Amino acid sequence: MASPRFRRLADYHHSWCIRTYRILSSKNTSTSRCTLTPGARGCETNRVVVELDNRVTRIEAKLGINWAQRSLPSTVLRANNGFMVRVDSVLSSWKAVRQDTAQAVEDFAAHNLDYRPCADLMTFGEIARHILQAGHGLSGMLLDEVESFATPQFREMIGKYVAELPETEDAPSLARALRANMERRAAELAAKPAQFFASEMTRMDGQRATRLEMLQFIKEHELTHRQQLFVYLRLNGVVPATTRRRQAKAKA
């Protein structure tokens with residue numbers, strides 16, 4: 001008989017496999033460059049799909065369970081986040097991302113924050129302030145246990161949190177605000193109990209997620225925009241901090 005811990009791991013892995021399978025299967029041929037038919041050969045995406053199918057089959061055999069014949073409750077499929085992904089790990093990762101965001105702003109201080117590569121893109125300063133505002137606003141709504149972000153009043157709701165932020169007229173003040181806000185939010189989130197992060201809420205797109213999953217979403221949102229800042233740095237001849245660290249390590 002499989003141990004409870006293994007069952008929890010199996011439930012989590014099954015949920016991950018099914019989610020990944022659905023994402024891959026939703027890709028059209030122009031994106032995946034192939035028709036997604038499990039068992040088909042000829043492309044990397046299909047190979048991954050086949051491997052996911054095989055992994056689920058092996059888990060079923062190990063536990064003597066046929067998941068196709070039973071429906072797991074959403075709380076199980078949400079996969080015991082406290083067991084598989086630690087809150088402190090997510091917060092530590094987000095703080096590292098934020099540190100490089102703030103450093104990018106400081107590295108751009110010699111340039112104009114109003115810089116944009118072309119007319120229809122956000123400026124460097126707008127992207128950096130968006131990171132600050134979105135991170136503060138979304139995490140604030142999370143801390144206040146707002147049950148649904150998928151509401152017509154979303155912008156009005158998040159605007160109340162954005163109004164709390166200080167003015168950031170130049171690169172130094174913006175970098176300071178990014179760092180200070182991260183320290184504040186990380187401390188507030190770290191003080192929450194495990195059940196807080198295991199509870200579900202509704203994201204802006206209507207999808208249900210645990211609060212820990214939403215916290216990961218907030219971090220990944222910043223990571224995406226941080227990469228935009230890095231592109232802007234490169235376009236102005238500035239090497240991002242992540243590359244500088246890698247180069248320094250290679251020379252050591």
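The values are calculated or read from the model by the stated rules, or taken from the named source; none is laboratory data. As the structure is a prediction and not an experimental result, all values here were calculated from the model. A quick note on method: Cβ atoms are made from the backbone with ideal geometry, for glycine too, and the neighbour counts reach across all protein chains shown.
Would you call A171 over 29 Å from D88 (Cβ atoms), hydrophobic (A, V, I, L, M, F, W, C) and surrounded by 12 or more Cβ atoms within 10 Å (Cβ to Cβ)?
yes
Which helices (runs of 4 or more DSSP H) sit wholly inside the stretch 146-229 and have at least 2 residues that are of a type in the set (F, W, Y) and in the same structural domain as A109 (by TED's automatic domain parsing)?
154-162, 194-198
Go through (1) at pLDDT 95 or above; (2) over 26 Å from H111 (Cα atoms) one by one and return the number of the condition K249 breaks.
That leaves (1) as the condition not met.
Taking E188 as the residue in question, decide whether it is among the charged types (D, E, K, R), modelled with pLDDT of 95 or more and in contact with a Leu (Cβ under 8 Å, 6 or more places away or on another chain).
yes
Just to be sure, is R246 free of Cβ contacts under 8 Å to residues at least 60 places away in the same chain and out of contact with any strand residue (DSSP E or B) (no Cβ under 6 Å at 6 or more places or on another chain)?
yes
Can you pull out every residue in the stretch 83-107 that is over 15 Å from I218 (Cα atoms) and touching a Phe, Trp or Tyr at 6+ places or on another chain (Cβ under 6 Å)?
Across the stretch 83-107, the qualifying residue is only M84.
Within the stretch 130-164, track down each residue that is among the hydrophobic types (A, V, I, L, M, F, W, C) and surrounded by fewer than 15 Cβ atoms within 10 Å (Cβ to Cβ).
Those that are among the hydrophobic types (A, V, I, L, M, F, W, C) and surrounded by fewer than 15 Cβ atoms within 10 Å (Cβ to Cβ): A150, A163.
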